[in-house]
1. Suppose we filter 250, 192, 246 for residues that are surrounded by fewer than 19 Cβ atoms within 10 Å (Cβ to Cβ), touching a helix residue (DSSP H, G or I) at 6+ places or on another chain (Cβ under 9 Å) and not in a loop (DSSP other than H, G, I, E, B); which single one remains?
2. Going by what's in this entry, would residue 294 be described as at pLDDT 95 or above and basic (Lys, Arg)?
3. Scan region 337-353 for residues that are surrounded by fewer than 20 Cβ atoms within 10 Å (Cβ to Cβ), closer than 21 Å to residue 377 by Cβ and not β-branched (Val, Ile, Thr) and jot them down.
4. So residue 267 clears everything in (1) under 20 Å from residue 49 (Cα atoms); (2) without any contact (Cβ under 8 Å) to a residue 12 or more places away in the chain except one condition, right? Which one?
5. Restricting to region 135-187, what's the tally of residues that are in a loop (DSSP other than H, G, I, E, B), in contact (Cβ under 8 Å) with a residue 60 or more places away in the chain, of a type in the set (Gly, Ala, Ser) and surrounded by 17 or more Cβ atoms within 10 Å (Cβ to Cβ)?
6. Can you run down the residue pairs with Cβ atoms below 8 Å, 6 or more apart or on separate chains, where the first is in region 25-52 and at pLDDT 95 or above and part of a loop (DSSP other than H, G, I, E, B) and the partner is of a type in the set (Asp, Glu) and more than 16 Å from the ligand (Cβ to nearest atom)?
7. Taking region 246-266 on its own, how many of its residues are within 13 Å of the ligand (Cβ to nearest atom) and either of a type in the set (D, E, K, R) or within 22 Å of residue 389 (Cβ to Cβ) (or both)?
8. What's the number of the condition residue 267 fails, among (1) out of contact with any Ser or Thr (no Cβ under 7 Å at 6 or more places or on another chain); (2) modelled with pLDDT of 95 or more?
Amino acid sequence: MSNRSRRPLSRRAFLGALAGAAATARFAAPSKKKTGSRIHVAVVGAGAFGGFTAAELLRRGARVTLIDAWGPGNARASSGGETRVIRGVYGADRIYTEMAARAFRLWHEYEVRWKRPFYRRTGALWLIGDDGAYVRSSLPILRDNGFAYEELAIADASKRFPQIDFSGITSTLFEKEAGYLLARRACAQVVEGFTADGGSYRVAAVTPGAIASGRLDGLKLSDATTLTADAYVFACGPWLPKVFPELLRETIQPTRQEVFYFGTPAGERTFDEDRFPVWVEVPRFFYGIPGNERRGFKIADDGRGAPFDPTDGDRIASAEGLKAARDYIARRFPALANAPLLETRVCQYENSLDHHFVIDRHPGAENAWIVGGGSGHGFKHGPAVGEIAARAVLGERAPDRLFSLSRPRTASA
Ligand SMILES: Cc1cc2nc3c(=O)[nH]c(=O)nc-3n(C[C@H](O)[C@H](O)[C@H](O)COP(=O)(O)OP(=O)(O)OC[C@H]3O[C@@H](n4cnc5c(N)ncnc54)[C@H](O)[C@@H]3O)c2cc1C
């Protein structure tokens, strides 16, 4: 694919595309083959990974049943937050920048298809406090994939963003196309669009049936029914180790993550999203989303928290987490030094040991697939992951080996 075709769409290009035919063609109604001849795939989990996998399978002509225990973007799910950052910088991990470029394009196509905007372009300002090796190693990969960026000298960045105290920051990078996605609402829309296109959606907790002769024999649902299909996709996010404890207990480990929303001063617009970007500070990896649809100035620490149970875990933010967030914003954004806390959220990352995704066949069941391990950075990639997973299930293309369950399992920083 040429660089140009991979380039993320600007807002203007996106609006232009609303009238365009390309997206319409890609999203032509699912093929009308006789039901009997269509492969039936059951997808468990309607988060960013499962929802888009179901939508992509349907689009490719499969008959699809999507099942979720609590519904798309529910408050326990990793995709259940208000907003998630979309960006291209991934250090030297080329595969994720390429997936982000593909995901940008697919997000726009889905927006066009469903006439619902999910993406807000704010740009992302990288505040670099170390030698900058991580961000610098991304630059050629950003260029190859058509991501526009500016390296702002500290003096210029201070002029452009006087809201920020740049003490301790040695360099910056401004990613022009980055921004944020409306997370839980996008998940809900995926299911709405999927059912409008003929997909079948059910609310039930799923337990896998028995594996015999190298195949999964079906699903047991919490409404006491069973469901059989030709293939099964388990996109259960942080619940994957509960669904397949033997296989995934050591591979995917959910951790507790806290998010804080602070109130900006009355009448003050300098932290609104049209004047202030998404920002990420490295190496500490605090990050945030500015206006956030008037829900407050969002800040989170990307450092992995304690192990967490996504079903029963207590979701009250800690005093230590709040203090760390307050200390950070007082130092970095002085106008917010005494900002009141508006809301908190406790979510969980569904970490793989090396933070790479898992998109692979169950090693004991040729008709079952595992799609997960988003590891705190998966949401933006949802449509691209869905495409990769759908191709794998339908035998069109195997996923990259990086996403296999049998890759060397070494913990990464
Ligand atoms: C605080 C926080 C901030 C984040 N920030 C970003 C960000 O800025 N950018 C980014 O790209 N990513 C971010 N992420 C990561 C991203 O949100 C996740 O990687 C992604 O949402 C994972 O999606 P998923 O579909 O795998 O899991 P989930 O969204 O958790 O979906 C799994 C679904 O499976 C269902 N389910 C589970 N078990 C069963 C069962 N047995 N039967 C039926 N249904 C079941 C659940 O109800 C759930 O709906 C963040 C995550 C958190 C927690």
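1. Values: 250 fails: not in a loop (DSSP other than H, G, I, E, B); 246 fails: touching a helix residue (DSSP H, G or I) at 6+ places or on another chain (Cβ under 9 Å).
From the options 250, 192, 246, the qualifying one is 192.
2. Details: at pLDDT 95 or above: no; basic (Lys, Arg): yes.
So residue 294 fails the test.
3. The first filter runs over region 337-353 and keeps only residues surrounded by fewer than 20 Cβ atoms within 10 Å (Cβ to Cβ), leaving 337-338, 340-346, 353.
So of that shortlist, the ones also closer than 21 Å to residue 377 by Cβ come out as 345-346, 353.
Matches in region 337-353: 345, 353.
4. Among (1) under 20 Å from residue 49 (Cα atoms); (2) without any contact (Cβ under 8 Å) to a residue 12 or more places away in the chain, the lone unmet condition for residue 267 is (1).
5. Result for region 135-187: 2.
6. 39/230
7. Result for region 246-266: 5.
8. Only one criterion in (1) out of contact with any Ser or Thr (no Cβ under 7 Å at 6 or more places or on another chain); (2) modelled with pLDDT of 95 or more is unmet by residue 267, namely (2).
The values are calculated or read from the model by the stated rules, or taken from the named source; none is laboratory data. Keep in mind that this is a model prediction, so the values were computed, not measured. In this analysis, Cβ positions are derived from the backbone assuming ideal geometry, glycine residues included, and neighbour counts consider all displayed protein chains.
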